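Please treat every number below as a calculation from the coordinates, not as lab data. Since this is a predicted model, take the numbers as computed values, not measurements. Every residue, glycine as well, gets a Cβ built from its backbone with ideal geometry; the counts of neighbours run over all protein chains shown.
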Amino acid sequence: MPEITGDKVKKYNIIACPGCYPTSILLPLIPLIKKNLIKTENIIIDSKSGYSGAGRDVHKKYKDKNLYESLSSYGVGFHRHNSEIQQEIKNYTKKKFSFTFTPHLSPMFRGILSTIYLDLNKGVNIERLEKTLNNAYLKSSFVKILKKNTFISTNDVINTNNCYLSICKTKYKNRVIILSVIDNLIKGGAGQAIQNMNLKFNFPITKGL
């Protein structure tokens with residue numbers, strides 16, 4: 001993940017780029033987990049993706065269903081990206097952690113919106129989360145932290161390599177919701193690969209993007 005791994009990719013000739021769902025999920029989570037700001041026992045992640053994320057055979061799989069006017073869950077509890085999310089969280093905390101990740105296929109071609117439900121550690125407030133994310137991505141060309149309580153949509157990032165993040169208050173003082181949006185085919189796919197290539201070969205990070 002370019003924003004997290006940075007120049008470390010220069011040491012390797014084979015680079016595995018993150019999946020699209022984990023990109024939208026881990027970009028907001030990793031800085032908060034590193035700073036021990038959130039409880040890690042029960043992170044809830046609800047993600048919705050355009051049907052381009054389901055692969056080329058999606059039209060065959062859904063030929064008897066109305067793909068373009070329905071919302072459907074899949075991979076509930078055991079989606080293949082669970083292991084990738086688990087691997088990366090484990091890299092940044094020694095505490096016990098658990099999360100529930102449910103992906104959904106939505107009637108749009110591209111884009112991912114991940115809604116992440118978090119409980120705060122004692123003494124932590126939303127302003128501290130906002131400051132931490134801003135500091136983490138201060139020099140990032142692609143990760144943008146929006147003003148808290150901003151409602152965002154996939155339309156904000158379509159055809160870009162951007163990830164937009166918004167931290168939202170809830171009616172519970174110790175609980176927040178983070179909204180994260182990316183284009184699954186760019187930031188969650190080919191664009192991220194180009195970003196890693198730019199890091200590897202010392203090109204400007206935005207070259208080709």
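Data for the structure
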{"item": "Greater than 27 Å apart at Cα, pairs in Lys8/Lys48; Lys8/Lys139; Lys11/Lys187; Lys94/Lys147; Lys95/Lys187; Lys131/Lys200", "result": "Lys8/Lys48; Lys94/Lys147; Lys95/Lys187; Lys131/Lys200"}
{"item": "Taking the chain and dividing mean pair separation by its residue count, relative contact order in percent (alpha carbons under 8 Å, at least six apart)", "result": "28 percent"}
{"item": "P(r) tail fraction, the chain - alpha-carbon pairs more than 30 Å apart, %", "result": "20 percent"}
{"item": "log₁₀ of I(q)/I(0) at q = 0.15, 0.26, 0.28 Å⁻¹ - segment 1-48, Debye sum with one point per alpha carbon", "result": "-0.51, -1.05, -1.11"}
{"item": "Estimated FRET transfer efficiency when R0 is 25 angstrom, pair His104-Arg175 (beta carbons, to 0.05)", "result": "0.70"}
{"item": "Table column - 3J(HN,Hα) (Hz), segment 160-165, Karplus curve with 6.51, -1.76, 1.60, x for Gly and Pro", "result": "10, 9, 8, 10, 9, 10"}
{"item": "Cα centroid separation, segment 184-209 to segment 9-45 (Å)", "result": "18 Å"}
{"item": "Within a Gaussian network of the chain (alpha carbon springs, distance under 10 Å), most fluctuating of Val76, Val124, Val176", "result": "Val76"}
{"item": "Built amide H within the under 5 Å cut-off of Cys163, gap 5+", "result": "Val143, Lys144"}
{"item": "Summed residue charge, Cβ within 14 Å of Gln195's Cβ, Lys/Arg positive, Asp/Glu negative", "result": "+3"}
{"item": "Relative contact order of segment 128-209, pairs being alpha-carbon contacts under 8 Å that are 6 or more residues apart, as %", "result": "23 percent"}
{"item": "Net charge of neighbours whose Cβ lies under 13 Å from the Cβ of Gln86, counting Lys and Arg as +1 and Asp and Glu as -1", "result": "+1"}
{"item": "Cα gyration tensor shape for segment 102-193, rounded if a/c is under 1.5, else prolate or oblate", "result": "oblate"}
{"item": "Over the chain: helical MRE at 222 nm, DSSP H runs n ≥ 4 each giving -39500 (n - 2.57), nearest 500", "result": "-7000 deg cm²/dmol"}
{"item": "Excluding exposed DSSP-loop chymotrypsin sites (Phe, Trp or Tyr not before Pro) (at most 14 other C-beta within 10 Å), longest clean stretch of the chain", "result": "13-73"}
{"item": "With eigenvalues of the C-alpha gyration tensor scaled by 5 and rooted, segment 105-150, Å", "result": "25, 17, 8"}
{"item": "For Phe151, net neighbour charge (Lys/Arg +1, Asp/Glu -1) across residues whose Cβ lies under 15 Å away", "result": "+4"}
{"item": "Under 5 Å, built H, 5+ apart or other chain: amide partners of Leu120", "result": "Lys39, Arg175, Val176"}
{"item": "Table column - 3J(HN,Hα) (Hz), segment 105-111, Karplus curve with 6.51, -1.76, 1.60, x for Gly and Pro", "result": "9, 10, x, 9, 6, 9, x"}
{"item": "Extension reserve of the Ile15-Lys147 stretch, reckoned as 0.36 nm per residue once the Cα distance is removed", "result": "44.2 nm"}
{"item": "Fully extended contour minus Cα-Cα distance, from Lys95 to Asn202, at 0.36 nm per residue", "result": "34.9 nm"}
